[in-house]
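Everything below concerns the one structure shown next.
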Amino acid sequence: MDNFGSLNAFVQAAEARSFTTAGKQLGVSSSAIGKAVARLEERLGVRLFHRSTRTVTLTPEGTLFLERCRRIFCEIEAAELELSQTLSEPRGKLRVSLPLVGMLMMPTLCAFMRAYPDIELDLDFTDRLVDVIDEGFDAVIRTGEAGDSRLMTRVLGSFRFKLVGSPAYFAEHGIPETLADLASHRGLRHRYPSTGKLEEWPLVARRNGAVAEPPTAATTSIIEPLVYMAEQGLGIACLPDFAIRERVEVGALISVMEGAVRQSCVFRILWPSSRQLSPKIRVFVDFMAERLFSILPDQDAGLVKY
C-alpha cells in the first residue's frame, strides 16, 4: 500500500508539474509529496524529476515510468468498474448442484438462461450430499431438511409421489385397489447410484413395517427411464408428481391408489450465507422459487437461517 501511495504521488506531481499542486489534490503537504517521490526514486534507483526552485520536470526515465503508471491506474479503475457492475448486475458463472431428478427441472432452467443470458450455468447432477462451501457451489437444490449453519435456505415448493402405470398395463394386469394387490404387479424401481440402495416407496404400510411394494421388474439410477418404461406398459412406478404430471394429463399414464402414498416432500434451495448476496445467486433463488413449484400454503417462503 505504501508503494501504491508513492506511485499516486508521483503521477499527480508529474501531471501537475508541481509538488505543491499534487499535495493539494491529495490533501497532503508538498514536502510529503517530495518525500514520497524521493523514496520511490531510491527504490527504483533512477531519477524521475529534474527539480528547480520553481518547477519540476520529468527525466526521460520519469516520462517512461509515468506512462506505465497511467496504465496501472487505468487497469485499477477498469477493475473497480467491472466489480461494481458485477455487484449490481447478475452475471458470471453460477455453479449449481441438483438432484438426479433435476433433468426434469430443465424447462425452468432453460427459461432462466433466456431471462439472464449473462449468467453461465454450471450444473452438476448427483444424488450424493455435496458440501456446498468446500466444493465451491453457489447453490444446491435438495429435498428434506437443512442442518448446516453456514447456509441460507428457501423453500421452493412441494411434491407428492404417485403410483402410475399405462392404460395398456392396467388393462392387462388390472388396477390395484389395495396394498395387497401390489404383490401381483411389476415394480419399476429407482436405485441411488452413489449407494446402490433402492429408493423405498413412501407407502402407508411402511408405518407398520409391512412390505407392500410389488416384485421388481427393473431398476434404474435416474428417473426418466422409469417414466418411459411405465408408459410402455412394463410395470408400475412410484414417481414424483412433477415428473409425470403432463403424462397423466394427456392420458399416457394413470395414477392409482392415491390414498396409499403418504406425506409430501419439500424441495429447498441452499446457498452460502453472506451479508453481500451476489446478484446472480439472488435472481436464481427468486426465479426458481417463483417458477419451479407452487409454494406450500403453510410454508414460509422467506429466508430461514439454520
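The values are calculated or read from the model by the stated rules, or taken from the named source; none is laboratory data. Values in this document were obtained by computation on a predicted structure and should not be read as measured data. All Cβ positions, even for glycine, are placed from backbone atoms using ideal geometry, and neighbour counts span all protein chains on display.
What to note about this one:
- Selection within the stretch 144-175 - at pLDDT 80 or above and polar (S, T, N, Q): T153, S158, S166
- Those strands (runs of 3 or more DSSP E) of the stretch 1-120 in which at least 2 residues are of a type in the set (A, V, I, L, M, F, W, C) and outside the structural domain of T220 (by TED's automatic domain parsing), considering only elements entirely within it, cover 56-58, 92-98.
- Just one of the listed residues (L98, L104, L44) is aliphatic (A, V, I, L, M) and free of Cβ contacts under 8 Å to residues at least 40 places away in the same chain, namely L44.
- Test result for P214, of a type outside the set (A, V, I, L, M, F, W, C) and in a loop (DSSP other than H, G, I, E, B): yes
- Residue satisfying condition, being under 24 Å from the mean Cα position of the chain (by Cα), at pLDDT 85 or above and not assigned by TED's automatic domain parsing to the domain that holds I119, within set I223, I254, I236: I223
- Taking the stretch 133-143 as the range and being in a loop (DSSP other than H, G, I, E, B) and within 10 Å of R95 (Cβ to Cβ) as the test, the residues that pass are E135, G136, F137, D138.
- Checking N208 against (1) farther than 20 Å from Y228 by Cα; (2) under 28 Å from the mean Cα position of the chain (by Cα); (3) modelled with pLDDT under 85, the condition it does not meet: (2)
- If you filter the stretch 240-256 down to residues that are touching a residue at least 24 places away in the same chain (Cβ under 8 Å) and in a loop (DSSP other than H, G, I, E, B), you find that the one that is surrounded by the fewest Cβ atoms within 10 Å (Cβ to Cβ) is G251.
- When the stretch 223-239 is filtered for residues that are surrounded by 15 or more Cβ atoms within 10 Å (Cβ to Cβ) and at negative phi, the ones remaining, listed by number, are I223, P225, L226, V227, M229, A230, E231, L234, I236, A237, C238, L239.
- From E42, E61, residue being more than 13 Å from N8 (Cα to Cα) and either touching a Phe, Trp or Tyr at 6+ places or on another chain (Cβ under 6 Å) or surrounded by 15 or more Cβ atoms within 10 Å (Cβ to Cβ) (or both): E61
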